[in-house]
Amino acid sequence: PEVTTVVIAPPGKSYQRLHDCVRTGQAAGSRGVAIVTASDEGVAGDADYVIRVPGELDEMLFPPLATIVFQVLGYYLAIERGYNPDALRTDDLDHARAWLTAFPLGTH
């Protein structure tokens with residue numbers, strides 16, 4: 001599949017809805033990636049790929065920790081697609097033009 005559904009699913013009020021998102025994405029042909037706590041069985045059981053964060057964190061504290069996982073995920077996705085993850089895609093001509101339009105030389 002070309003589309004990937006990624007959810008951050010800590011225990012809490014939003015958990016069931018996030019579980020539904022994984023299943024709905026898969027029904028539409030999307031891969032499911034879940035970032036869950038170490039003991040999770042629900043969302044983890046339905047996702048194609050699971051990234052477990054050690055410990056049990058509160059629903060409000062979980063997303064900032066999961067941000068680190070997204071940074072690493074973005075890094076490896078860029079490498080897989082042939083981009084230099086340290087270049088902010090400025091090695092791609094279209095993105096370089098956009099970057100220079102937003103930040104002309106000498107302005108930043």
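Of note:
- Whole-number percent relative contact order across the chain, with pairs defined as alpha carbons under 8 Å at least 6 apart: 19
- Under the combined filter of DSSP loop state and at most 11 neighbouring Cβ atoms within 10 Å, region 28-60 retains these GluC sites (Glu not before Pro): Glu41.
- Structure-based [θ]222 nm, the chain - -39500 (n - 2.57) summed over DSSP H runs of at least 4, per residue, nearest 500: -13500 deg cm²/dmol
- FRET E, pair His108, Thr67, Förster distance 22 Å, beta-carbon r, rounded to 0.05: 0.35
- Sorted on the mean count of surrounding Cβ atoms within 10 Å across their residues, most packed first, peptides 66-77, 16-27 read 16-27, 66-77.
- Counted charge near Gly82, where neighbours are those whose Cβ lies closer than 10 Å (Asp, Glu -1; Lys, Arg +1): -2
- Distant alpha-carbon pairs in the chain (separation over 17 angstrom), percent: 61
- A simple packing score, the average count of other Cβ atoms within 10 Å per residue, orders the peptides 31-37, 102-108, 45-51, 86-92 as 31-37, 45-51, 86-92, 102-108, with the highest score first.
Each reported figure results from applying straightforward, stated rules to the coordinates on display, with no laboratory input. Bear in mind the structure is a predicted one, so any value in this text is a computation, not a measurement. Don't worry about glycine lacking a Cβ; one is built from the backbone with ideal geometry, like all the others, and counts go over all protein chains shown.
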